[in-house]
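A short worksheet on the structure shown next.
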Amino acid sequence: MGEKVAADGIDLADRERYRRKLHECLAGLRTLLAEKRFDRPKNLIGLEIELNLAGADGLPRMLNSQVLERIASRDFQTELARCNLEVNIAPHRLAGRVLDQLAEELRTGLAYADRKAREVAARIVMIGILPTLAATDLTAANLSAIDRYVLLNDQMRAARGEDFAIDIQGVEHLVSRSASIAPEAACTSVQLHLQVTPGRFAAVWNAAQAIAAVQIAVGANSPFLFGRELWRESRPPVFQQSTDTRAPELQAQGVRPRTWFGERWVDSAYDLFEENLRYFPPLLPICGPQDPLRTIGEGGVPDLAELVLHNGTVYRWNRPVYAVADGKAHLRVENRVLPAGPTVADVIANTAFYYGLVRALAEEPRPIWTRLPFAAAAANFDTACRYGIDADLHWPRPGRGGGIAEIPAVRLVRRELLPLAAAGLDAWGVEPADRDLYLGIIEDRCARRVNGASWQAAAFHHALRQGLDRDAATTAMTRRYSELMHAGDPVHTWPVAWPVGASAVPGPRHAVESA
């Protein structure tokens with residue numbers, strides 16, 4: 001979705017032409033795959049983090065354009081709402097001291113951005129969902145003033161034909177309605193990219209799908225929305241419901257949501273792009289000038305612009321990415337599972353765990369996706385989102401006996417998956433000291449059963465016990481989170497109790513239906 005999109009009118013002819021070009025792009029991708037016209041492997045990774053802007057009072061600040069003007073760096077970009085930013089870290093080779101390098105670049109970049117944000121009385125907050133957001137903050141009026149967001153909102157509203165409905169039963173029950181897709185902006189994530197060859201794509205994507213639930217269990221950091229305590233990782237249900245273009249009748253018919261986990265293991269990247277065309281109507285039928293099949297016939301590398309744009313409107317938790325760099329085509333697996341935060345150390349620990357584990361599982365002689373039914377992987381994801389670090393997951397038993405066992409996520413991680421992640425990082429050639437440092441953070445989270453979500457919930461209830469009302473407790477917890485986030489110690493070391501004081505929020509913030 002990074003392309004510049006003009007929010008001009010769209011007519012029926014545009015849609016027909018766009019669909020035709022989509023199928024030409026898909027045919028072009030099939031030719032490129034068959035002829036192996038992709039860049040050689042470089043073990044390149046990329047990292048993007050979506051961020052929130054909040055004031056010293058913990059409340060959201062709709063100031064991203066002002067902050068970006070002051071940052072004046074192409075590494076920082078707009079996101080959907082005016083209280084969001086995104087930081088992009090340049091690609092790195094996955095070897096040596098890469099984890100330490102990523103950590104240092106993130107600390108430096110976020111510290112600089114935070115200094116600039118302070119010039120307009122805001123702070124950078126790295127968190128899955130900012131707990132102090134109210135439904136009145138996430139409206140069409142607070143979408144970033146970017147044409148592609150305006151057009152995407154218009155097209156999704158038209159496709160749905162009625163208000164978007166959020167209905168989540170978690171620790172508490174939240175019911176909310178929105179006339180726009182703006183509630184999607186509540187969800188801020190970490191996106192991990194891994195460049196792969198076409199021959200390795202399916203193994204890496206399948207492995208990433210298998211471990212998505214484990215990533216959530218150890219990394220959950222989004223337990224609140226609009227003043228209600230919901231799932232430990234509430235981003236997936238919020239994102240799905242706030243982008244759901246299906247009317248209730250289409251949902252009842254089994255039409256697939258645009259935000260989904262998937263429904264099968266794959267054999268090729270082509271499978272996923274083909275599914276995108278088969279199941280999802282185009283939302284942004286905007287055609288580029290290039291003829292992909294002619295470009296291939298002339299020996300060139302097509303940009304497949306229409307296919308790329310359409311792929312950006314299907315929100316898989318592990319997304320295929322086609323791109324062209326330096327005149328060569330390449331494929332990436334984009335992992336979109338993790339929430340932002342809590343700290344740089346936590347983000348890099350999650351990063352190390354993912355890249356190590358996906359390498360080890362992708363190269364196993366008996367691949368995990370031949371032993372774990374896809375339906376079990378999808379159910380695991382749902383369970384991990386609901387219960388976070390306290391989740392029990394279904395996983396293949398070790399040895400030749402086979403079968404599936406239910407096991408606490410923390411035990412699975414400590415006994416089986418951390419050693420695999422360490423072996424995977426060794427295979428990448430990552431510095432052992434960095435491997436041990438960052439995987440040690442995952443180990444300590446599991447030993448203490450603490451992650452960002454469990455800390456937020458515990459700190460919120462601590463504030464309530466100190467006599468604050470709900471809004472004041474949410475605000476006090478958010479302010480404390482921001483302080484500890486900027487201090488930088490991993491979340492499992494954060495104290496829950498602190499002198500809360502008598503802070504309060506003037507007036508009600510969370511006017512939504514709830515039960």
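Taking GluC sites (Glu not before Pro) across segment 30-85, the ones in a DSSP loop with at most 13 further Cβ atoms lying within 10 angstrom of their Cβ are Glu35. Only helices enter the 222 nm calculation for the chain: every DSSP H run of n ≥ 4 contributes -39,500 (n - 2.57), and dividing by all residues gives -13500 deg cm²/dmol, rounded to 500. Considering only Leu29, Asn88, Ala54, and ranking their Cα positions along the charge dipole of segment 6-89 that arises from unit charges at the beta-carbon of Lys, Arg, Asp and Glu, the one farthest toward the positive end is Leu29.
With all projection directions averaged, the alpha carbon convex hull of segment 174-331 covers 11.3 nm².
Think of each Lys and Arg Cβ as +1 and each Asp and Glu Cβ as -1; about the Cα centre, that makes the dipole of segment 152-302 roughly 140 debye.
Rg and Dmax over the alpha-carbon atoms of segment 1-152 stand at 19.7, 57 Å.
The rule of thumb for compact globular proteins, 2.2 N^0.38 Å, goes into the C-alpha radius of gyration of segment 255-377 1.25 times. Taken about its Cα centre, segment 36-125 carries a charge dipole of about 360 debye when Lys and Arg each add +1 at the Cβ and Asp and Glu each add -1 at the Cβ.
Think of the chain as a dipole: +1 on every Lys or Arg Cβ, -1 on every Asp or Glu Cβ, centred on the Cα centre; then among Gly299, Asn350, Thr78, Asn350 lies furthest on the positive end. Remark: segment 461-468, residue by residue, has Karplus-estimated 3J(HN,Hα) of 5, 4, 5, 4, 5, 7, x, 7 Hz, where x stands for each Gly or Pro and the curve is 6.51 cos²θ - 1.76 cosθ + 1.60 at θ = phi - 60°. 3J(HN,Hα) along segment 214-224: 5, 4, 5, 4, 8, x, 3, 7, 9, x, 10 Hz, from the Karplus curve 6.51 cos²θ - 1.76 cosθ + 1.60 with θ = phi - 60°, whole Hz, x for Gly and Pro.
Ranked from the most accessible area to the least, with a 1.4 Å probe and all protein chains present, what is the order of Glu364, Glu105, Glu298, Glu483?
Sorted descending by solvent-accessible area, the residues read Glu298, Glu483, Glu105, Glu364.
The value of relative contact order for the chain, using C-alpha pairs under 8 Å at least six residues apart, is 20 percent.
Overall, the chain carries a charge dipole of about 640 debye about its Cα centre when +1 sits on the Cβ of Lys and Arg and -1 on the Cβ of Asp and Glu, all other atoms neutral. Here the Karplus curve 6.51 cos²θ - 1.76 cosθ + 1.60, taken at θ = phi - 60°, turns the phi angles of segment 360-373 into couplings of 5, 6, 5, 10, 5, x, 10, x, 4, 6, 8, 10, 10, x Hz, with x standing for Gly and Pro.
The values are calculated or read from the model by the stated rules, or taken from the named source; none is laboratory data. This one's a predicted model, so the numbers in the text were calculated from it and none came from an experiment. Cβ atoms come from the backbone with ideal geometry, glycine included; neighbour counts cover every protein chain shown. Just so you know, the surface numbers come from the protein's heavy atoms only, side chains and all, with ligands and any DNA or RNA stripped out. Shrake-Rupley method; radii C 1.70, N 1.55, O 1.52, S 1.80 Å.
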